[in-house]
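The values are calculated or read from the model by the stated rules, or taken from the named source; none is laboratory data. Predicted model only: the values in this text are computed from it and were never measured. For neighbour counting, all protein chains shown are included, and Cβ atoms are generated from backbone atoms with ideal geometry for every residue, glycine included. Keep in mind that these areas ignore ligands, DNA and RNA; they rest on the heavy atoms of the full protein, side chains included. Shrake-Rupley method; radii C 1.70, N 1.55, O 1.52, S 1.80 Å.
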Amino acid sequence: MQIAFVAADQDLSANAVLGLLTCEGSALLASDGPYARAAAGSRFTGGKGQTLDILGSDTATRIVLVGVGKAAEFDAMAAENGAAAAFAHVKACGLLSLRLVLPVDDPAFAAQAALGVRLAAYRFDRYRTKEKPEVKPSIASVEVVTAHPEAASHAFGPLAALADAVSFARDLVSEPPNVLYPEEFARRVKALEGLGLQVEILGEAEMAKLGMGSLLGVGQGSTRESQLAILKWNGAADPAAQPIAFVGKGVCFDTGGISLKPADGMEDMKWDMGGAAAVAGLMHVLAGRKARVNAVGILGLVENMPDGGAQRPGDVVTSMSGQTIEIINTDAEGRLVLADAIWYCQDRFKPKFMVDLATLTGAIIISLGNDYAGLFSNNDELAEDLLAASKAESEPLWRMPLPPHYDKGIDSMIADMKNTGGRPGGSITAALFIQRFVNGVPWAHLDIASTAWAKPSSKPTSPDGATGYGVRLLNRMVADRYEG
Ligand code: BES
Ligand code: MN
Ligand code: ZN
């Protein structure tokens, strides 16, 4: 996708669509305005989400009006969503380019519109060999009109880095599990060294030396080797400044193990590495925009399979923390991976805080539906920062409780704890389990099982499938609270 910022007076080619983001009550719709007759033949009023096509006018081959709601409420997010909706509406119409005109000419809005287009244009088509050209997206370049193209380009710099990072995360989530197994995931993040990140990969022998019996037990039934990826971005003025840390669940495929999942929908478990993908995406954008912060990303990469060597319900494993865990259900594997990844993270890096992201429980989907991820935290300030970033980036998040007395539900008869607490409050007991591996560090856990994948998607900036949820939210929190 080519994106450019252009001055208003350039000619429009016959192969271009003109996209006009239109507010309610816009002068464009006035009865003496150019589009009043077309609007009169429809119910278009400029309301959010509405579109109106005008074909064969004197001025352009195709014009699309895209409603963006009330003028007084038009902001960067409205520009982003309007641009995304305009792109999605015409992307496969056969014409080659789209020129977008915003109701307010502000270079920050123009840049945000370009971000909307980049996110809406994401597509994972690597394995489609027979798609007919007439149904493929045709729009290959987008121009955003502004009187300040240079300022808009400048503002777009960090947003383009964000779009690259979200696409990277979406690709990881979209890849089939026979292609993206732990070692392949590790190779793809190792390649991010090209952006200036430092990346270390630990294999099973190294993790065994560290005593990571909890993580290793999950991968035990797979022929693929488990990996731990450690990504470091050192962008702070003081290279020795205490880092912030992010930990991701990277279950490249979750069959459930011996506690096997039912066949129906099991293919969805390829995206059980969405937490690790979001952390990798975050590190990608921090490096891409040269964020002034020291950050660490830890990815626990495993495959949960049921072969003859697989772990059994009833097994007891010893985690790196020294705490023992009785396995009740081998399908509650994400928390076992996080237990060791989190312990390793705080032990080695002594971070200011840790945020983990995980497609951890089906129960969070039952609790919150498909728009909100669940937030659990032992620290109100960190929780507030995450909620503020979530609002700013439109990646909805809802805080959930960590009631101390629920914690008894994961006590075990024969070990320090068991890995499931039954169905009631399943997301909460999962979070309480992880909390047992947090050693006095401010910590937050994002259960993104509800948001990592969207089908159907409810957002113009997120086509059906992998969302990349978390990359924007965390990038915003870092930018607003931890840089400079
Ligand atoms: N990866 C799943 C959670 C999940 C479910 C993610 C649906 C995305 C969509 C997780 O490993 C899992 O299997 N959790 C179990 C826990 C239970 C056995 C205590 C669950 O949610 O059913
Ligand atoms: Mn599972
Ligand atoms: Zn899982």
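Restrict the search to region 60-149; then list the trypsin sites (Lys or Arg not before Pro) that DSSP places in a loop and that have at most 16 other Cβ atoms within 10 Å of their Cβ.
Values: sites: ARG62, LYS70, LYS91, ARG99, ARG118, ARG123, ARG126, ARG128, LYS130; in loops: LYS70, LYS91, ARG123, ARG126, ARG128, LYS130.
Here the sparse-neighbourhood loop sites are LYS70, ARG123, ARG126, ARG128, LYS130.
Take the alpha carbon gyration tensor of the chain, find the square roots of its eigenvalues, order them as a ≥ b ≥ c, and report rounded if a/c is under 1.5; if not, report prolate when a/b exceeds b/c, else oblate.
prolate
R0 = 51 Å: FRET efficiency of ASP53 with ILE414, Cβ-based, nearest 0.05?
Values: r = 67 Å, r/R0 = 1.32.
E(calc), rounded to 0.05, equals 0.15.
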By the Cα gyration tensor axes a ≥ b ≥ c (a/c under 1.5 gives rounded; else a/b larger than b/c gives prolate, otherwise oblate), the shape of region 356-484 is oblate
Per residue, in Å², the accessible surface of the chain once ligands and nucleic acids are set aside, probe 1.4 Å: 41 Å²
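Taking 32 Å as the cut-off for C-alpha to C-alpha distance, list the pairs among LYS232/LYS391; LYS132/LYS459; LYS132/LYS249 that go past it. Walk me through the numbers on the way to the answer.
Details: LYS232/LYS391 27 Å; LYS132/LYS459 26 Å; LYS132/LYS249 37 Å.
Pairs exceeding the cut-off: LYS132/LYS249.
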Listed residue pairs exceeding 25 Å between alpha carbons, taken from LYS136/LYS290; LYS48/LYS455; LYS408/LYS455: LYS136/LYS290; LYS408/LYS455
Go through region 120-129 residue by residue and turn each phi into a ³J(HN,Hα) via Karplus (6.51, -1.76, 1.60, θ = phi - 60°); whole Hz please, and just put x for glycine and proline. 6, 7, 4, 7, 10, 10, 4, 10, 9, 10
Would you list, by chain and number, the aspartates and glutamates whose Cα falls below 12 Å from the Cα of LYS91, excluding same-chain residues fewer than 8 positions away? GLU134
Cross-link partners of LYS352 among aspartates and glutamates (Cα-Cα below 16 Å; sequence separation of 8 or more within a chain): ASP238, ASP380, GLU381, GLU384, ASP385, ASP480, GLU483
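Around ASN294, under 13 Å between beta carbons, what's the net of Lys plus Arg minus Asp minus Glu among the other residues? Spell out each step's value before the answer.
Details: positive: LYS232, LYS290, ARG292, LYS350, LYS352; negative: ASP238, GLU483.
Taking every Cβ under 13 Å from that of ASN294, the sum is +3.
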VAL6's amide H: which non-local residues (gap 5+, or another chain) put their own amide H closer than 5 Å, with H modeled 1.01 Å from N in plane and none for Pro or chain starts? VAL144, VAL145, THR146
Testing the spin-label approximation: label points 7 Å from Cα along Cα→Cβ at ALA27 and ASP380. State their distance in nm. 5.0 nm
Between GLN10 and ASN178, what length in nm is gained on full extension when 0.36 nm per residue of separation is reduced by their alpha carbon distance? 55.6 nm
Restricting to Cα pairs under 8 Å and 6 or more apart, the percent relative contact order of region 280-377 works out to 18 percent
Considering amide H positions built from the backbone, and no H for Pro or chain starts, which residues 5 or more places from ARG399, or on another chain, come under 5 Å of its amide H? LEU375
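First compute the accessible area of region 313-398 with a 1.4 Å probe, then give the percent of it belonging to carbon and sulfur atoms.
50 percent
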Quick one: accessible surface of THR146, probe radius 1.4 Å, all protein chains present, in square angstrom to the nearest 10. 0 Å²
Give the aspartates and glutamates reachable from LYS261 as a straight Cα distance under 15 Å; neighbours fewer than 8 places away on the same chain don't count. ASP272, GLU303, ASP307, ASP331, GLU333
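So between LYS350 and ASP307, what do we pick up on full extension, going 0.36 nm a residue minus the alpha carbon distance? Before the final figure, lay out the partial values.
Values: separation 43, 0.36 × 43 = 15.48 nm, distance 3.70 nm.
Result for the pair: 11.8 nm of gain on full extension.
Under 1.5 on a/c is rounded, so check that first for region 113-252, then, if it is not, pick prolate when a/b is larger than b/c and oblate when it is not; a ≥ b ≥ c are the square roots of the alpha carbon gyration tensor eigenvalues. Working shown, then result.
Working: a/c = 3.65, a/b = 1.42, b/c = 2.57.
Because a/c hits 1.5 or more and a/b fails to exceed b/c, region 113-252 counts as oblate.
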Could you give the length gained on full extension between SER141 and GLU206, defined as 0.36 nm per residue of separation minus the Cα-Cα distance, in nm? 18.6 nm
Hey, any idea what % of region 427-468's accessible area is carbon plus sulfur with a 1.4 Å probe? 52 percent
Tell me which of LEU119, THR223, ALA165 sits at the most positive position along the dipole axis of region 102-235, charges placed on C-beta atoms (Lys, Arg +1; Asp, Glu -1). THR223
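For the chain, what does the relative contact order come out to in percent, with C-alpha contacts under 8 Å and a separation of six or more? Spell out each step's value before the answer.
On the way: 1140 pairs, mean separation 71.4, N = 484.
Rounded, it is 15 percent for the chain.
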Can you list the HN-Hα couplings for region 214-230, worked out from phi with the Karplus curve (6.51, -1.76, 1.60; θ = phi - 60°), rounded to whole Hz and with x for Gly and Pro? 6, 5, 5, x, 5, x, 4, x, 10, 7, 7, 7, 5, 9, 10, 9, 10
Using a basic spin-label model with each label point 7 Å from the Cα along Cα→Cβ, how many nm lie between ALA72 and GLU134? 4.9 nm
So the carbon and sulfur contribution to the accessible area of region 142-226, 1.4 Å probe, in percent, is 53 percent
For every other residue with a beta carbon closer than 10 angstrom to the beta carbon of ARG126, add +1 if it is Lys or Arg and -1 if Asp or Glu, then tell me the sum. -1
